[in-house]
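Report on one structure; see the data block that follows.
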Amino acid sequence: MSDDRNPVNHLVPATRDGPLLVGLDVGTSTVKAVVVDVHGQTVAIASRPQAIDYPHPGWASHDPAAVWNICCAVLREAVAGVKQPDRIAAVAVASMGEAGVTLDRAGQPTGPIIAWFDRRTVTQTDRFAAAIDDDALFAITGTVLQPIMTAPKLMWLAETKPDLWQRTDRFLNVSAWIAHKLGAEPAQDYSLASRTGLFDLESRTWSQRLLDIAGLDSALFGHLAPGGTPIGKVAAEATARTGLPQNTIIGLAGHDHLCGAFAGGVIRRGDLLDSIGTAEGLLVGLDAPVRDVAMGQSGYTQGAHVVPDQYYGLGAVYTAGGSIEWARAAIGQSRSHEDLLTEAVAVPAGSLGVMFLPHLRLAMFPRLDSRARGAFVGLTTDSTAGAMFRAVLEGVAFEGRAGFGPLSRFAQVDSVNGIKVIGGTARNRLLIEIKASVMNTPQHVLNIDEATALGAAMLGGMAAGVYRDADDAIAQIRYESNDVLPGSDEDIQLYTVMFDRIYRHLYGALRPLHHKLYDLFMVERPTAS
């Protein structure tokens, strides 16, 4: 699909001279680095899996030393693929939203990185919620209170790990921490600050009222700045670890979904993006924050974009690709992914009456629910592995439809001509075909190598003066779009009926039972800390 700010949309050869840009994406399960030219064409690329520790049910964390080592290895591999590394003009780092590192006065981590989706903080979240009305919180931050947010994580550390907390001098989100390790000053961008539960969206400063509720001090955080700001140069020690040229400009990047949106040109009001990875971000561009508190009451959040002076509205499917990966292991077992997909393709729309609720971590719509669980319904002896796998894909698509409809209305988007799609899970062709039919809307899959890392690289380019501004960066990026159209009228009608009559009611019908299960296994039988 053409875009007025990206009118060509065709791949062009990488330039043989001129500046190169490096983008690093520190994701939940994978760390990726790309080296691109000014048109976004890939010169080199590298990735490695990232370990996640699960010490207790509902808990998840990363080892900071392991994260830094993987980042160094990925950067070194990517830079090694460049014939003229001295052409590298800038580097910037994107990361998952709410996770970060606590540091002592010497800059050493004082504990593990609590993963963004960790749910150990329900008690702290409930206490925070008791101190401020939901609507008042939304009016300040543009967000609804969630256990995954940074504020409850820090409250949990202060209350349950006092020795660790007493040694903590600073907290940096993962993006800011890796940039700091490369040589940048401690700085956090507005997009990741928007995911803390402490950020005043209108003034773009930390909210003293919310800091007081959480028992935190603004001095704990690095200074705030918009994406694309130069924040330092690569230090000699980092050069030795990564291969990046010493004194390369380090630009400030931010939230992974927003960096991916930037790469796809989704920054203005009405631009729609589906960023599908382990989690799925349903994003619409905004020119100003939405003041209607019903947006927050419906489970949506908003925040500052990675580009200056722009905003976004966001809904989330917390286990989109995560549900698919889980299903591959749990249902597929000895089958290869390709065989399982082949079986799913052979199953007609509707999965023989099997439906799946993809709330394996959290539920977002119509209200955030940290006690939610996933479910299959409609199982019979006819329910094959292929039918169950297809039901998982349909469940992810139904959840996306449940999110995009109200989000578009809050953003005052009157008509939707199509949705841009990025992310590793977008390579699942059957999922995208199902999404197109479930939403009866074309899906424009952007053929971009690692969109999040590319968006970070573009922000690095802004910091180094390679691009004049965000619009200039978008105008210079070239990519192809694979357009996936809705299927047959019969499939569209069937999915509409399934969504209206059944899927919309699944969460509410199962909620009481899922809460009882949560209480039984997570409250009445607590795990030792």
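The values are calculated or read from the model by the stated rules, or taken from the named source; none is laboratory data. Keep in mind that this is a model prediction, so the values were computed, not measured. Glycine also receives a Cβ, built like all others from the backbone with ideal geometry; neighbour counts cover every protein chain displayed.
Yes/no matrix, rows are residues, columns are (1) in the same structural domain as Asp519 (by TED's automatic domain parsing); (2) surrounded by fewer than 20 Cβ atoms within 10 Å (Cβ to Cβ); (3) out of contact with any helix residue (DSSP H, G or I) (no Cβ under 9 Å at 6 or more places or on another chain); (4) within 30 Å of Leu314 (Cβ to Cβ):
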position	(1), (2), (3), (4)
Ala89	no, no, no, no
Thr102	no, no, no, yes
Thr110	no, no, no, no
Ala115	no, no, yes, yes
Lys153	no, no, no, yes
Leu157	no, no, no, yes
Exactly one of Gly183, Gly251, Gly243, Gly215 is out of contact with any Asp or Glu (no Cβ under 7 Å at 6 or more places or on another chain), in the same structural domain as Ala475 (by TED's automatic domain parsing) and surrounded by 24 or more Cβ atoms within 10 Å (Cβ to Cβ), and that residue is Gly251
Gly243 - would you say it is in contact with a strand residue (DSSP E or B) (Cβ under 8 Å, 6 or more places away or on another chain) and not hydroxyl-bearing (Ser, Thr, Tyr)?
no
If the Cβ limit is 9 Å and pairs must be 6+ apart or interchain, which residue in the range 125-137 that is closer than 19 Å to Leu201 by Cα pairs with which residue that is among the hydroxyl-bearing types (Ser, Thr, Tyr) and surrounded by 14 or more Cβ atoms within 10 Å (Cβ to Cβ)?
Leu137/Thr143
Any residue in the range 17-29 that is in contact (Cβ under 8 Å) with a residue 40 or more places away in the chain sitting within a Cβ distance under 7 Å of a residue that is surrounded by fewer than 17 Cβ atoms within 10 Å (Cβ to Cβ) and not β-branched (Val, Ile, Thr)? List the pairs, counting only those 6 or more apart or interchain.
Ser29/Pro49
Selected residue (criterion: modelled with the highest pLDDT) from residues of the range 327-366 that are assigned to a loop (DSSP other than H, G, I, E, B) and surrounded by fewer than 17 Cβ atoms within 10 Å (Cβ to Cβ)
Pro348
Given (1) farther than 20 Å from Ile113 by Cα; (2) surrounded by 21 or more Cβ atoms within 10 Å (Cβ to Cβ), identify the lone condition not met by Arg204.
(2)
What about Asp414, is it assigned by TED's automatic domain parsing to the domain that holds Gly251, without any contact (Cβ under 8 Å) to a residue 12 or more places away in the chain and not basic (Lys, Arg)?
no
Please specify each residue of the range 14-33 satisfying the condition of being at pLDDT 95 or above and either within 30 Å of Thr319 (Cβ to Cβ) or β-branched (Val, Ile, Thr) (or both).
Val22, Gly23, Leu24, Asp25, Val26, Val31, Lys32, Ala33
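Show me the helices (runs of 4 or more DSSP H) entirely contained within the range 177-261 in which 2 or more residues are closer than 28 Å to Gly277 by Cα.
190-193
Go through the range 367-405 and give me each residue that's of a type in the set (Asp, Glu), crowded, with 24+ Cβ neighbours inside 10 Å and within 20 Å of the chain's Cα centre (by Cα). Walk me through how you get there before you give the answer.
Of all residues in the range 367-405, those of a type in the set (Asp, Glu) come to 369, 382, 394, 399.
Still in the running and crowded, with 24+ Cβ neighbours inside 10 Å: 394, 399.
Once the filter is applied, which keeps residues that are of a type in the set (Asp, Glu), crowded, with 24+ Cβ neighbours inside 10 Å and within 20 Å of the chain's Cα centre (by Cα), the range 367-405 yields only Glu399.
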Only one residue in Arg401, Arg361, Arg335, Arg390 is touching a helix residue (DSSP H, G or I) at 6+ places or on another chain (Cβ under 8 Å) and under 30 Å from Met522 (Cα atoms). Which one?
Arg361
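Out of the residues in the range 265-304 that are in a loop (DSSP other than H, G, I, E, B), β-branched (Val, Ile, Thr) and touching a helix residue (DSSP H, G or I) at 6+ places or on another chain (Cβ under 6 Å), state the one that is surrounded by the most Cβ atoms within 10 Å (Cβ to Cβ).
Restricting attention to the range 265-304, the residues satisfying the condition of being in a loop (DSSP other than H, G, I, E, B) are 265-271, 277-279, 287-293, 298-300.
Narrowing the set further to residues that are β-branched (Val, Ile, Thr) leaves 266-267, 278, 290, 293.
Now restrict to residues that are touching a helix residue (DSSP H, G or I) at 6+ places or on another chain (Cβ under 6 Å): 278, 290, 293.
Values: Thr278: 24, Val290: 20, Val293: 15.
Here the answer is Thr278.
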Quick one: which residue in Asp489, Asp500, Asp449 is charged (D, E, K, R), out of contact with any Asp or Glu (no Cβ under 6 Å at 6 or more places or on another chain) and closer than 30 Å to Ala89 by Cβ?
Asp449
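Return yes when Ala225 is under 25 Å from Asp256 (Cα atoms) and free of Cβ contacts under 8 Å to residues at least 40 places away in the same chain and no when it is not. Please lay out each step first, then the result.
Numbers: under 25 Å from Asp256 (Cα atoms): yes; free of Cβ contacts under 8 Å to residues at least 40 places away in the same chain: yes.
Yes.
Give the residues of the range 128-156 that are of a type in the set (D, E, K, R) and under 23 Å from Asn173 (Cα atoms), sorted by residue number. Lay out the reasoning, then the answer.
At the first step, the residues of the range 128-156 found to be of a type in the set (D, E, K, R) are 133-135, 153.
If the condition is that a residue be of a type in the set (D, E, K, R) and under 23 Å from Asn173 (Cα atoms), then Lys153 is the only one that fits.
Taking the condition within 23 Å of the chain's Cα centre (by Cα) and either crowded, with 19+ Cβ neighbours inside 10 Å or under 25 Å from Pro57 (Cα atoms) (or both), does Ala411 pass? If you could, list the steps in order and put the result at the bottom.
Numbers: within 23 Å of the chain's Cα centre (by Cα): yes; either crowded, with 19+ Cβ neighbours inside 10 Å or under 25 Å from Pro57 (Cα atoms) (or both): yes.
Criteria met by Ala411.
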The lone exception for Ala240 - which of (1) in contact with a helix residue (DSSP H, G or I) (Cβ under 8 Å, 6 or more places away or on another chain); (2) modelled with pLDDT of 95 or more it fails:
(1)
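Which of the helices (runs of 4 or more DSSP H) found entirely inside the range 426-529 contain at least 2 residues meeting this: closer than 23 Å to Phe398 by Cβ and outside the structural domain of Ala225 (by TED's automatic domain parsing)?
On the way: elements: 429-439, 451-463, 470-476, 489-498, 504-518.
Answer list for the range 426-529: 429-439, 489-498, 504-518.
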Output the residues belonging to the range 27-65 that are in contact with an Asp or Glu (Cβ under 9 Å, 6 or more places away or on another chain) and of a type in the set (Phe, Trp, Tyr).
Trp59
Just give me the residues in the range 17-47 being farther than 11 Å from Val93 by Cα and in a loop (DSSP other than H, G, I, E, B), in sequence order.
Asp17, Gly18, Pro19, Thr28, Ser29, Asp37, Val38, His39, Gly40, Gln41
With the first residue restricted to the range 418-442 and required to be in contact (Cβ under 8 Å) with a residue 60 or more places away in the chain and farther than 15 Å from Phe404 by Cβ, and the second required to be part of a helix (DSSP H, G or I) and basic (Lys, Arg), Cβ contacts under 8 Å at 6 or more apart or on different chains are Leu430/Arg390
Only one of (1) in contact (Cβ under 8 Å) with a residue 60 or more places away in the chain; (2) in a loop (DSSP other than H, G, I, E, B); (3) closer than 17 Å to Ala509 by Cβ fails for Phe398. Which number is that?
(2)
Kindly indicate whether Val144 is in a helix (DSSP H, G or I) and β-branched (Val, Ile, Thr).
no
